1. Take Asp89, project a point 7 Å from its Cα along the Cβ direction, then tell me which residues of the stretch 258-280 have their backbone nitrogen under 20 Å from it.
2. Convex hull volume of the Cα atoms in the stretch 52-169, per residue, in Å³?
3. How large, in percent, is the carbon and sulfur part of the accessible surface of the stretch 122-342 at a probe radius of 1.4 Å?
4. Restricting to lysine pairs 8 or more places apart or on different chains, what number in the chain have Cα atoms under 27 Å apart?
5. Net charge near Met326: determine it from the other residues with C-beta under 15 Å of the C-beta of Met326, scoring Lys and Arg +1 and Asp and Glu -1.
6. Quick check on the chain: helices-only [θ] at 222 nm, where DSSP H runs of length 4 and up contribute -39,500 (n - 2.57) each and the sum goes over total residues. Nearest 500, please.
7. Label point 7 Å out from Leu345 along Cα-to-Cβ: which residues of the stretch 126-159 have amide N under 14 Å?
8. Would you tally the net charge around Trp223, using a Cβ to Cβ cut-off of less than 13 Å, leaving Trp223 out, and scoring K and R as +1, D and E as -1?
Amino acid sequence: MRIQSVTYYHVRMPLRFPFATSTASRTERDALILEVRDADGYVGWGEVVAGYAPHYSCETAWTAEHILGEFLIPALFDAPVDHPGDFTDRVQWVRGHRMARAGLEMALWDLYGKRLGRSLRDLLGGVRDRVPVGVSIGLQENPRALVERVGYYLNQGYRRIKLKIKPGYDVEFVRAVREAYPDIPLQVDANSAYDLDTAQTLRPLDDYQLLLIEQPLAHDDLWDHHKLQQVFRTPICLDESITSADKARKAIEMDAARVINIKVGRVGGLIEAVRIHDLAAQHDVPVWSGGMLETGIGRAANLALASLPNFRLPSDISATDRYYEMDITEERFALNDDSTITVPLGPGLGVRVNRDALAYYTLHSMTFLNPNEGHPR
Ligand code: OSB
Ligand code: MG
């Protein structure tokens, strides 16, 4: 693939419902949409999931603009890329900035798949047509409001519910949901709101048959999660802490994560995500796909990834209407009756971008032309 140009679009999209975690509450979502064109006229799309503020990770949409413009995009212009992995290898020297790398790698996968006429699912080795999914519910004012919200999503057909928790919004809230819905698959996510001491207050959660407790402790911690796991029967699942296959190996070896949440952006791309999937499978550790409130582009990539065999728990990939009134893809993802979403099987990501919607949500954009390619105009 001879890359002719790369454009990033910094978009800001209104969320249908405010989304509050232990670290932030947002009513809009920022992201970068990437458009990569090759010399044969093919176009690939990718999404950088870094947002407005460095709450979830140290990256933001603006740090990604900088790293893409100065380092990652120029690396694509140095020499042709035969496979997305060539790019990944070429920018291995860049420390961190995984969401920026993942977004560009995703666009290359889309381009690569379109050139070959093959779906991302097939290229990654996916085995399913439909992926079991659930919904992630932000923090609510009080237990009653939370139970109501849970009911709303159960009504829409979501069978697995994830609740955000933080100190003061935990045991009592989960108990209320459990009492209202004794049998639903339920899990919680603290986004690092506790330390080893304060996490002891979560001990009663062990009696609520939760599928898992996600990232209770520091965003970069492994060892304290190991210690916490020793006093909980409920599996500890790591999200923020797992930024690479190497981190996943260490977490599994030290019994700090009995389940792993895989996010393409957090781990630096689909190639690393598949590595983590394979490693976890070897150790019989189940994985599932987390979400970052993606647009249709990132959601398509998550669905392809979550079709791999060791994705054994429902993923945080909800229908388009759970997030956005209007999306930037022509395709809207809908929930099937069995609480699954169908994996797109067209070439590449299998989605088409609605350029009017993209333009509507774009705050600013920048195009980079490959100086080594001709640019007829
Ligand atoms: O921790 O899983 C998380 C959204 C933004 C940042 C962090 C997280 C989340 C979610 C959203 O839980 C899940 C989704 O995209 O549906
Ligand atoms: Mg999480």
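1. Residues 268-276 fall inside that zone.
2. So the per-residue hull volume is 155 Å³.
3. On the stretch 122-342, the fraction of accessible area on carbon and sulfur atoms equals 48 percent.
4. Step by step, the pairs that qualify in the chain add up to 18.
5. 0
6. Numbers: 14 runs with 122 residues, N = 377.
It comes out at -9000 deg cm²/dmol, rounded to the nearest 500.
7. Backbone N within reach: 126-131.
8. Summing Lys/Arg as +1 and Asp/Glu as -1 gives -3.
The values are calculated or read from the model by the stated rules, or taken from the named source; none is laboratory data. Just so it is clear, the model here is predicted, and its values are computed rather than measured. Methodologically, a virtual Cβ is constructed for each residue, glycine included, from the backbone with ideal geometry; neighbour enumeration extends over all protein chains shown. These accessible areas exclude ligands, DNA and RNA; they are computed on the full protein's heavy atoms, side chains included. Shrake-Rupley method; radii C 1.70, N 1.55, O 1.52, S 1.80 Å.
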